[in-house]
Amino acid sequence: ACICDICGKIFVFPNDLSRHKLSHLGMFTKKKRPFKCTQCGKRYVTKDNLRHHMTSHKDYFHLCISSDERPFKCDQCDATFRIEKYFNDHK
């Protein structure tokens, strides 16, 4: 196991620990968080973190656009979903 000496978080792989440690460097400087969300301005250390964050905006956008529409229907029960991801999680 690889343990972060700053916060104690545990990682299985050394590369994951190295990537994590970047988050502790210059927590409040734009220079250390070069990847900026175009929708809310939040900044991230890695492009992968930004991509993950952007999915939250996608789900929110779909909820706002079609709050009454529930196009994803389960064929095993009566459940319906607005968002495909939640429908797939249900299956």
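Quick notes
- With each label modelled as a point 7 angstrom along the Cα→C-beta vector, the Lys91-Asp48 pair spans 2.6 nm.
- Accessible surface of Arg33 - all protein chains present, 1.4 Å probe, nearest 10 Å²: 50 Å²
- Distance between modelled label sites at Cys77 and Gln39, nm, 7 Å Cα→Cβ extension: 2.8 nm
- Rolling a 1.4 Å probe across all protein chains gives Ile10 an accessible area of roughly 110 Å².
- Of Phe35, Phe11, the residue with the largest accessible area leads and the full order is Phe35, Phe11 (1.4 Å probe).
The values are calculated or read from the model by the stated rules, or taken from the named source; none is laboratory data. Keep in mind that this is a model prediction, so the values were computed, not measured. All Cβ positions, glycine included, derive from the backbone under ideal geometry; neighbour counts span all protein chains shown. What goes into the accessible areas is simple: the full protein's heavy atoms, side chains included, and nothing from ligands, DNA or RNA. Shrake-Rupley method; radii C 1.70, N 1.55, O 1.52, S 1.80 Å.
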